[in-house]
1. Would you list, by chain and number, the lysines whose Cα falls below 29 Å from the Cα of Lys91, excluding same-chain residues fewer than 8 positions away?
2. What is the dipole size for the chain, taken about its Cα centre, with +1 at each Lys and Arg Cβ and -1 at each Asp and Glu Cβ, in debye to the nearest 20?
3. Tell me the accessible surface of Thr72 in square angstrom (1.4 angstrom probe, heavy atoms of protein chains only), to the nearest ten.
4. Could I get the Rg over Rh figure for the chain? Both from C-alpha atoms, Rh via Kirkwood, rounded to two places.
5. Rounded to the nearest 500 deg cm²/dmol, what is the calculated helix-only ellipticity per residue at 222 nm for the chain, with -39500 (n - 2.57) per DSSP H run of length n ≥ 4?
6. Hey, any idea what % of the chain's accessible area is carbon plus sulfur with a 1.4 Å probe?
7. Hey, rough spin-label estimate for Leu66 and Arg3, points 7 angstrom out along Cα→Cβ, what's it come to in nanometres?
8. What Kirkwood Rh does segment 113-172 have if only Cα atoms enter the pairwise 1/r average? Answer in Å.
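The values are calculated or read from the model by the stated rules, or taken from the named source; none is laboratory data. From a predicted model like this one, the values you see are computed outputs, not experimental measurements. For neighbour counting, all protein chains shown are included, and Cβ atoms are generated from backbone atoms with ideal geometry for every residue, glycine included. Heads up: the accessible areas ignore ligands, DNA and RNA and are worked out on the full protein's heavy atoms, side chains in. Shrake-Rupley method; radii C 1.70, N 1.55, O 1.52, S 1.80 Å.
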Amino acid sequence: MKRIVLPLILSLCYIAESLFAQFFAARSFGGKFTIVPHFLLVMLILMGMHYRKRLSIIYAFVFGMLFDAFYTGILGIYLFFYPLAVYLTEKMDRILQSNIFTGTLVAVLNMAIVEFLVYGINALINPQVIGFDDFLLFRLWPTLILNAAFFILAWYPMGNFLKRRAREEEKE
């Protein structure tokens, strides 16, 4: 039973992203802003901070592949960017003292990296995609604010759960 809790949490975050996008569509914010929920990425980043590195990257690959298969139609974008974010998180977390402030900064930086990379891929595929200034103002900042708030809310409960789970797995 304990082994399915973490995949279940990640699956719920995966589903919550699409539900959030449906219920809070762009028109909810005056039609100006595009807020992209990255709840799954937030959880994967938390795993990179508080859980076993190898297993966190494996989860990032699996859920990145699922995300690509169901939402993007192009396998490889999130398949590689989610594990990259987890890897960078783990490296930054080794250098920085782990607390909610530095954790939030690391998470926001990694989410920004993923957003920039996805924007770059989209701009290569479709040159008619929104301009860079509009991307920064109307998509990146609102997205980072929403996901930073979610990260802060999830920091303590998920961090404690992941640390406890990692200790339990070491004993097994």
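1. Straight-distance partners of Lys91: Lys2, Lys53, Lys163, Lys171.
2. Details: 15 positive and 11 negative charges, 105 e Å.
Approximately 500 debye in magnitude.
3. 50 Å²
4. Values: Rg = 16.0 Å, Rh = 16.5 Å.
Result: Rg/Rh = 0.97.
5. Values: 6 runs with 125 residues, N = 172.
Taking each H run of at least 4 residues, the total per residue is -25000 deg cm²/dmol.
6. Values: 6580 of 9600 Å².
For the chain, the apolar C and S fraction of the accessible surface comes to 69 percent.
7. Reported label-point gap for Leu66 and Arg3 is 1.7 nm.
8. When all Cα pairs of segment 113-172 are included, the Kirkwood radius is 14.2 Å.
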